[in-house]
Amino acid sequence: MILKHAYLLVFLIAVVCCQNYPPDDVHWINLYRQGFNFQCPPGEAVVALRSYFNKEEGSDRLWSFECMPTPLSMGEATECWWDELNRAGLEWYHTCSDNGIVVGIQSQYFEAVLDREWRFYCCKYGRRCPYSCWMTNEVPEHYKEEGELTIYNYGYFIRGASTTFSGVDRDRQWKYIICRMTEFDCDFTNL
């Protein structure tokens, strides 16, 4: 009888400790299968993000974003807008139009596809132009893993992203486009 209870106790401990729980020290902005609309306070831009995948919750992710003030030398945002929308289940490559930087993210979950639609909230600062741009590695590195990106260099900004969707894993991987912005106005406007 004691051996039977010991096996049951070991089984319960294994079930509880090995369940897939998101970290509780993170401020998640959404619940699974729910849309969200995140915007940084005025004068700030998105510089960090974190996501947590859960297959049992519709192959969806919890999301967290962090903002940081833009350099004073950039001045205030002169215009902000919601940019192009991607469709659930499709690949997407997008940079903020008119030399904008990402200051917000909007997403809606679609049960039929087990995926989300995405849209960036972009702001431009005068006629500043991007330079020294590069693309990150995949975030997350593998489908179904926790994803995390932090821009550690002050003065670098997310300008957009490329994302692929796996119909097998029902998950996305992202490559973020990171750029610096000129300290002066320029005539160049990205397409």
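The values are calculated or read from the model by the stated rules, or taken from the named source; none is laboratory data. Bear in mind the structure is a predicted one, so any value in this text is a computation, not a measurement. Backbone-built Cβ (ideal geometry, glycine too); neighbour counts: all protein chains shown. Note: accessible area is taken over every heavy atom of the protein model, side chains too, but ligands, DNA and RNA are not part of it. Shrake-Rupley method; radii C 1.70, N 1.55, O 1.52, S 1.80 Å.
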**Prompt:** Which residue, PRO130, PRO23, PRO41, has the most motion in a Gaussian network model of the chain that connects Cα atoms within less than 10 Å?
**Reply:** PRO23
**Fill in**
Taking only C-alpha positions in the chain, Rg and Dmax in angstrom work out to 19.8, 81
**Message:** Over 23 Å apart: what share of the alpha carbon pairs of the range 62-155 falls there, rounded to a whole percent?
**Reply:** 32
**Item:** Set of aspartates and glutamates with alpha-carbon distance to LYS124 below 16 Å, sequence-local pairs under 8 removed
**Value:** GLU44, GLU76, GLU79, ASP83, GLU84, ASP98, GLU183, ASP185, ASP187
**Request:** Place a +1 charge on the Cβ of each Lys and Arg in the chain and a -1 charge on the Cβ of each Asp and Glu, then give the dipole magnitude about the Cα centre in debye, rounded to the nearest 20.
**Result:** 240
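Subtracting the Cα-Cα distance from 0.36 nm times the residue separation, let me have the gained length for LEU31 to GLU66 in nm, one decimal. Don't skip to the end; give the middle numbers.
Values: separation 35, 0.36 × 35 = 12.60 nm, distance 1.73 nm.
Extending this stretch completely gives an extra 10.9 nm.
Per residue, how much accessible surface does the chain expose to a 1.4 Å probe? Answer in Å², no decimals. Show your work: numbers first, answer last.
Details: 10660 Å² over 191 residues.
Value returned for the chain: 56 Å² of accessible area per residue.
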**Whole-Hz ³J(HN,Hα) from phi, Karplus 6.51 cos²θ - 1.76 cosθ + 1.60, for the range 86-93, glycine and proline x** = 9, 9, 4, x, 10, 6, 7, 10
**Item:** Interchain or long-range residues, amide H under 5 Å from TYR125's placed H
**Value:** THR78
**Request:** Give the distance, in whole Å, between the Cα centre of the range 153-167 and the Cα centre of the range 75-121.
**Result:** 11
**Prompt:** So which aspartates and glutamates can LYS144 reach, going by Cα to Cα under 16 Å and dropping same-chain residues fewer than 8 places off?
**Reply:** GLU56, GLU57, ASP60, ASP115, ASP169, ASP171
